[in-house]
Number of protein chains: 2
Amino acid sequence: MPIEPKILKGFRDSLPAQEIVKKRIISRLEHVFSTFGFVPIDTPALEYTEVLLGKGGGETDKQIFRFTDNGGRDVAMRFDLTVPFARFLAAHAHEIALPFKRFHIDKVWRGENPQKGRFREFTQCDFDIVGVDNAWADFEILSIMNESFTAMGIDKVTFHVAHRGLFNAFLAHLGIQDHSVDVLRTVDKLRKIGSEATREELEVLTGSSEKANAVLSYISPAAGTDFLERLENLSSLAGGEQEHSGRLREIYHLLSDAGIASKFELDPSITRGLDYYTGIVYETFLDDLQTIGSVCSGGRYNDLASMYSPERIPGVGSSIGLDRLMSGLAELDSPLMTDTASAHVLVMVVDEKYRTRCIALSRLLRSSGLAVDVYVASKKAGQQYKYAESGHIPYAVIAEDGEKWTVKNLATRETVDGLTDTQVCEHLTKENA
Amino acid sequence: MPIEPKILKGFRDSLPAQEIVKKRIISRLEHVFSTFGFVPIDTPALEYTEVLLGKGGGETDKQIFRFTDNGGRDVAMRFDLTVPFARFLAAHAHEIALPFKRFHIDKVWRGENPQKGRFREFTQCDFDIVGVDNAWADFEILSIMNESFTAMGIDKVTFHVAHRGLFNAFLAHLGIQDHSVDVLRTVDKLRKIGSEATREELEVLTGSSEKANAVLSYISPAAGTDFLERLENLSSLAGGEQEHSGRLREIYHLLSDAGIASKFELDPSITRGLDYYTGIVYETFLDDLQTIGSVCSGGRYNDLASMYSPERIPGVGSSIGLDRLMSGLAELDSPLMTDTASAHVLVMVVDEKYRTRCIALSRLLRSSGLAVDVYVASKKAGQQYKYAESGHIPYAVIAEDGEKWTVKNLATRETVDGLTDTQVCEHLTKENA
């Protein structure tokens with residue numbers, strides 16, 4: 001009796017058409033990170049629960065995959081790449097030089113209820129600079145975000161930027177700093193629940209409709225205003241120019257000098273619900289598909305590593321949610337998602353007697369940089385064409401008598417025949433160029 | 001009170017110098033697989049325990065990370081990539097075209113006791129062809145093994161090949177086919193326990209010193225004999241030429257036609273302890289470091305998918321144990337392990353007033369394909385040189401007054417000064433070429 005090949009709720013297989021695209025995206029991102037001198041690290045999928053839950057508790061507790069291992073240890077699967085990075089920094093403080101610029105692309109696991117675009121296993125792509133607290137590092141992370149989306153061929157994207165410190169200064173100025181965590185969580189829901197529901201929640205929290213309105217007005221900038229106008233307004237709402245608004249202004253000028261400021265919008269409604277951010281925070285929205293939420297988020301956190309270490313290591317970073325981004329790109333019919341050919345060419349085997357020739361030709365074509373699939377069995381031509389089609393392979397090569405070959409374009413059905421090995425190679429490398 | 005940043009026994013962090021090499025190796029392997037038309041897939045890290053343990057039980061049971069999730073499901077972390085692949089094939093039978101050629105590189109977890117080169121979390125790199133049972137597919141997997149080691153710059157490697165079916169025919173001819181599983185497991189230990197201990201175990205198993213000697217003689221080919229001579233000898237020990245020896249001979253001729261036969265040794269002591277192999281089996285040893293064991297193993301399995309499906313899907317595949325291979329390469333001081341520079345060049349920032357120029361130069365250098373790390377803070381030059389050294393960065397660029405730059409080779413300490421932006425770019429791209 002066969003076992004049912006079922007998969008756990010919230011988990012997925014990745015079929016080749018999906019996985020080819022995912023690897024392509026990851027490869028482009030890794031290239032961008034490398035050109036900025038960022039280096040890869042890795043941490044275990046499984047850690048001591050105490051190590052992972054030291055901070056962050058709350059909702060995460062229930063959502064974690066946690067168990068007792070065969071050695072009686074209380075362990076858990078990592079639910080993000082940030083907490084393990086903080087642990088990593090404390091564990092390897094003497095092996096790494098600061099500023100440390102790292103990226104980490106791998107899976108994380110959460111037991112939350114699966115919904116559209118959300119899974120219990122998903123891939124995060126984090127990049128961070130730790131060891132410095134200045135506008136330059138903040139700017140470099142923002143630059144990499146911009147380069148990353150450019151490298152993925154996504155130009156219709158906007159980075160929404162705010163400053164947690166400035167917001168806290170505003171709350172203090174308003175006299176409601178004691179409610180700051182709850183206010184932040186409420187404001188974080190604005191996009192989901194709308195401004196009226198947000199205002200009501202804020203009124204309950206602050207016990208004052210005046211203060212609720214003030215918060216709502218802070219997080220709702222006037223349409224048509226630009227980055228610097230908004231910054232000036234936020235500054236004055238927070239009691240005047242100070243450190244945090246100065247930092248944001250400096251970052252803006254660096255973005256402006258680099259010619260990329262137009263991609264960045266000052267959006268004070270961005271707070272990032274999590275409580276470890278202390279400076280700039282940001283979220284990223286696809287212009288044509290804002291409803292799926294942020295596809296790249298992060299900010300400055302100046303106290304994270306302190307969970308594990310008496311030292312204070314400031315940091316700034318960002319994380320691309322690859323699965324959500326890919327769902328979005330699929331919905332937008334992005335060209336990035338469409339090229340999923342398993343090879344450039346299928347060498348068809350219509351008769352076993354051609355086998356040695358087919359192998360020799362494949363080797364020649366591969367040495368010219370082509371991806372060559374050989375059918376490894378002699379089946380009817382129809383079946384082999386169907387196979388090529390299922391793999392989106394654009395060309396087929398068929399052996400003829402007299403050491404010659406026919407090349408067929410499988411989209412147009414055009415054929416060129418009587419080609420020698422070398423001619424096949426020339427023809428296909430030209431077509432593929 | 002900070003939490004101790006400890007890691008679970010048998011688990012490791014991967015620091016940049018290690019992870020850069022790992023990514024380089026994986027990238028080269030993925031390139032090889034792609035040039036053969038192999039496509040990537042992925043499966044969940046977590047599966048129903050029943051799905052993973054359907055077959056293979058025994059020792060694996062105790063070594064698995066198994067627990068009850070928050071939904072009360074009996075789940076386990078995958079302990080290899082083969083069982084999930086069999087489940088994948090049954091689950092997606094109607095979405096994939098046969099022959100299906102896939103690769104899968106990712107982590108697996110086993111609770112076994114950690115020892116040198118063995119960890120509880122490690123990366124496997126599997127490639128398989130399913131849907132055909134012929135010499136051509138067997139040959140293609142062997143070719144890819146050869147190409148993979150070539151791509152990794154490892155030429156001192158030997159592939160040890162045997163045939164499980166031929167061995168079973170030999171056991172039947174000897175009248176001890178009922179003990180085949182135990183005999184296979186014993187023979188599999190030959191390399192570890194030596195021939196005398198193997199002989200003794202075999203004698204206990206078969207109850208006959210004559211039969212034990214016959215088995216020992218089968219698995220110990222005469223030194224100096226070549227592939228075809230050994231094959232003939234094994235054939236006759238197994239009762240004469242038959243299907244399995246014919247298959248091995250055909251594979252040998254394909255290897256020979258492809259000019260790579262000298263890398264493959266017929267070694268009848270290779271059995272692969274696991275019981276799902278039915279045809280050719282192989283292990284791979286680094287010539288200069290045989291003691292670490294096989295770094296790439298596999299074989300033909302014609303009944304694997306039947307765990308989940310009434311259909312019989314034949315397959316052949318191989319798996320590279322990346323962690324063990326990397327331990328071995330490190331021990332051999334392989335050049336593959338040494339180039340771990342985090343960037344081509346460090347743009348040093350000796351004065352904040354040069355910041356905008358440094359950013360502009362970095363952008364220019366990156367657009368020429370260079371990996372450029374900017375120090376993102378103005379610290380003493382000595383500290384910045386130390387930072388470059390720790391990242392094995394070969395060049396530094398330092399701003400001079402008058403819009404000029406100095407380039408310094410950090411190994412030779414040679415400097416070139418008075419360069420314009422464009423000249424820096426030309427100089428570094430030439431040095432890097």
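A short reminder: the numbers here are calculations on the coordinates, not readings from a lab. Owing to the predicted nature of the structure, the values given are computational and were not obtained by experimental measurement. Cβ sites come from the backbone with ideal geometry, for glycine too, and all protein chains shown count toward neighbours.
Starting from the Cα of B:ASP257, step 7 Å toward the Cβ, then list every residue of the range A:387-417 with an amide N under 19 Å from that point.
A:397-406
Enumerate the aspartates and glutamates that B:LYS211 could reach by cross-link, defined here as Cα to Cα under 18 Å, with residues fewer than 8 away along the same chain left out.
Answer for B:LYS211, where 18 Å is the Cα cut-off: B:ASP178, B:ASP182, B:ASP188, B:GLU196, B:GLU200, B:GLU201, B:GLU203, listed by chain and number.
Looking at chain A as a GNM with Cα springs under 10 Å, which of A:GLN124, A:GLN177, A:GLN383 has the largest mean-square fluctuation?
Evaluated over chain A, the most mobile residue of the options is A:GLN383.
Taking the Cβ of each residue in B:ARG357, B:ARG102, B:ARG247, A:ARG312 as the centre, tally the other Cβ atoms inside 10 Å and list the residues starting with the fewest.
Taking fewest neighbouring Cβ atoms as first place, the list is A:ARG312, B:ARG357, B:ARG247, B:ARG102.
Need one value for A:342-349: mean number of C-beta atoms belonging to other chains within 10 Å of its residues' C-beta atoms.
Taking all residues of A:342-349 together, the mean is 3.
As an exercise, use a Förster radius of 35 Å and the Cβ-Cβ distance of B:THR340 and B:LYS156 to find the FRET efficiency, rounded to the nearest 0.05. Can you show the working numbers first?
Numbers: r = 22 Å, r/R0 = 0.64.
It comes out at approximately 0.95.
Could you state the number of Å between the C-alpha centres of the range A:253-291 and the range B:405-423?
When both Cα centres are located, 37 Å separates them.
Which of B:LEU254, B:THR278, B:ILE154 sits farthest toward the positive end of the charge dipole of chain B, with +1 on the Cβ of Lys and Arg and -1 on the Cβ of Asp and Glu?
With unit charges placed on the Cβ atoms, the residue in question is B:ILE154.
Place the label 7 angstrom along Cα→C-beta at A:ASP69 and in each other copy, then list the distances from the first to the rest in nm, shortest first.
2.0
Multiplying the sequence separation of B:GLU331 and B:ASP69 by 0.36 nm and subtracting their Cα-Cα distance, what value in nm do you get?
90.2 nm
With each run of n ≥ 4 DSSP H residues scored as -39500 (n - 2.57), what mean residue ellipticity at 222 nm is computed for the protein assembly as shown after dividing by its residue count and rounding to the nearest 500 deg cm²/dmol?
Values: 30 runs with 353 residues, N = 866.
Helix-only estimate at 222 nm: -12500 deg cm²/dmol.
Sort B:MET307, A:MET326 so the one with the fewest other Cβ atoms within 10 Å of its own Cβ comes first.
Ranking B:MET307, A:MET326 by Cβ neighbours within 10 Å, fewest first, gives B:MET307, A:MET326.
Output the 0 to 90 degree angle, nearest 10, between the alpha-carbon long axis of helix B:135-151 and the longest principal axis computed from the alpha carbons of chain B.
On a 0 to 90 degree scale, this one is about 30.
Report the residues of the range B:88-122 in range of a label on B:LYS6: point 7 Å along Cα→C-beta, backbone N strictly under 17 Å from it.
Flagged as within label range: B:114.
Between copies, how close do the A:VAL204 label points come, placed 7 Å along Cα→Cβ, listed in nm from shortest?
For A:VAL204, the inter-copy label distances come out at 7.2 nm.
Springs between alpha-carbon pairs under 10 angstrom, Gaussian network model over chain A: which of A:GLU147, A:GLU50, A:GLU352 fluctuates most?
Residue with maximal mean-square fluctuation among A:GLU147, A:GLU50, A:GLU352: A:GLU352.
Among chain B residues, which Cβ is nearest the axis of the B-onto-A rotation, and at how many Å?
Nearest Cβ to the rotation axis, residue and whole-Å distance: B:PHE67, 2.
What's the FRET efficiency of B:GLU200 with A:ASN432 using the Cβ-Cβ distance as r and R₀ = 60 Å, to the nearest 0.05? If you can, show how the numbers build up before the last one.
Working: r = 60 Å, r/R0 = 1.00.
Calculated transfer efficiency: 0.50.
Given points 7 Å out from each Cα along the Cα-Cβ axis, report the A:ARG24 to B:SER306 separation in nanometres with one decimal.
Taking the simple label geometry, A:ARG24 and B:SER306 are separated by 4.0 nm.
P(r) for chain B: what percent of alpha-carbon pairs falls in each 20 Å bin, starting at zero?
Binned Cα distances yield the sequence 21, 45, 25, 9, 0.
Does anyone have the angle between helix B:243-257 and the longest principal axis of chain B? Alpha-carbon axes, 0 to 90°, nearest 10?
Taking the Cα atoms of chain B, the angle to B:243-257 is about 30 degrees.
Just tell me how shielded A:43-50 is by partners: mean number of partner chain Cβ atoms within 10 Å of each residue's Cβ, no decimals.
Whole-number average of other-chain Cβ neighbours for A:43-50 is 6.
How many angstrom lie between the C-alpha centres of the range A:126-182 and the range A:314-350?
Centre-to-centre (Cα) distance: 27 Å.
Among the lysines, select those whose C-alpha is under 27 Å from the C-alpha of A:LYS263, and discard any that sit fewer than 8 residues away in the same chain.
Straight-line reach from A:LYS263, under 27 Å: A:LYS22, A:LYS23, A:LYS101, A:LYS156, A:LYS189, A:LYS192, B:LYS353.
Is there a simple number for the mean count of other chain Cβ atoms within 10 Å of the Cβ of residues in B:90-98, and what is it?
4
Can you tell me the 0 to 90 degree angle between the C-alpha axis of helix A:355-367 and the longest principal axis of chain A, rounded to 10?
Once rounded, one gets 40 degrees.
How far is A:HIS92 from the same spot in each other copy, in nm, shortest first, if each label point sits 7 Å from Cα toward Cβ?
With the label placed 7 Å along Cα→Cβ, A:HIS92 yields 3.2 nm.
Need the full-extension length gain, A:VAL350 to A:GLN242, defined as separation in residues times 0.36 nm minus the C-alpha distance. One decimal, nm. Walk me through the numbers before you get to the answer.
Numbers: separation 108, 0.36 × 108 = 38.88 nm, distance 7.66 nm.
Going from the current span to full extension adds 31.2 nm.
What area, in nm² and to one decimal, does the C-alpha convex hull of the protein assembly as shown cast on average over all directions?
Seen from a random direction, the Cα hull of the protein assembly as shown projects 40.4 nm² on average.
Can you put A:LYS211, A:LYS430 in order of Cβ neighbours within 10 angstrom, beginning with the fewest?
A:LYS430, A:LYS211
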